[in-house]
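A.B. asks: Pasting in a structure now, in C-alpha cells, and then I'll have a few things to ask.
A short reminder: the numbers here are calculations on the coordinates, not readings from a lab. Quantities reported herein were computed from a predicted structural model and do not represent experimental measurements. Cβ: placed from backbone, ideal geometry, glycine included. Neighbour counts: every protein chain shown.
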Ligand code: DX5
Ligand code: ZN
C-alpha cells in the first residue's frame, strides 16, 4: 500500500474565494486537491471547468490536482484538462465511448489516468485495462452533490478493488469519494483505500488543520 493521501474536494469550498481556500487546505496538511467537474448531463449539477484549474495553477498551486470528470463524453475535456495543468484525470467508464482510448489520451498528455465507479458500476470495467490505470476511484455516494451519506456496501467493493490492485503487482492508487469523515475513515482505510476525498467534512469545519489531523490520526490508529 502507498502512503495515504488526504484529498479535500473543493466542491464544498467557498467558490467566491477559491484560491485562498485551496491555499488554506494545503497549508493545513492536505496532499492533493480534488477537483469535481460536473456537466449537468452526466450528473444533475454544474460546477467548474479547465479555466478554473488553469487559474489555480496561475495562482501558484503546485500540489497535484486530481480532476474527477463527471461528464459525458469525456475526450474533449481530457485534452483541455491536460493543458490546464491537471495531475490526475479520472472519468466514469460508462461516460466514455472508448475507454481504452480515453485512458491513453490522459497518459499521452503526461497525466495519471483513472476510472471511477459509481455505487452500482461493476469493477469488471477494469478487466482489460489494469495496465492503463494509475488510480481507481470508488464512489461511496451517487455522484453529483457533496454532503451525502457514505453507502456501507462500498467497503466490500473496496476490498475487491484492493485485491485486484495487489494481484496486478502495479502501483495503483485506490481512492474513495463520498461521505468520508473522521468517524468512518478508519474502516475505509482498513478496507484498502489509500486516497481519501473529503468535501463537506473538511470545508464545513472552521479549523481545516484540526479536521485533517483528526483524519490522519484515525487512519494511523
Ligand atoms: C460528488 C463528488 C465528491 C463530493 C464529496 O459527486 O464527486 O467529490 O465533493 O463530498 P462529500 O465529502 O461532502 O461527500
Ligand atoms: Zn469527486
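A.B. asks: Springs between alpha-carbon pairs under 10 angstrom, Gaussian network model over the chain: which of 88, 128, 42 fluctuates most?
C.D. replies: Highest fluctuation among the options: 128.
A.B. asks: OK, next. Quick one: Cα centre-to-centre distance for the stretch 98-122 and the stretch 188-214, in angstrom?
C.D. replies: Result: 25 Å between the Cα centres.
A.B. asks: Can you compute the FRET efficiency between residue 170 and residue 205 using 1/(1 + (r/R0)^6), with r the Cβ-Cβ distance and R0 = 41 Å? Round to the nearest 0.05.
C.D. replies: Plugging the Cβ-Cβ distance into 1/(1 + (r/R0)^6) gives 0.70.
A.B. asks: Top mean-square fluctuation among 30, 95, 120, Gaussian network model of the chain, C-alpha springs under 10 Å?
C.D. replies: 120
A.B. asks: For the stretch 5-220, I need the span (max minus min coordinate) of the C-alpha atoms along each principal axis, in Å, sorted largest to smallest.
C.D. replies: If we take the Cα atoms of the stretch 5-220, the spans are 44, 37, 31 Å.
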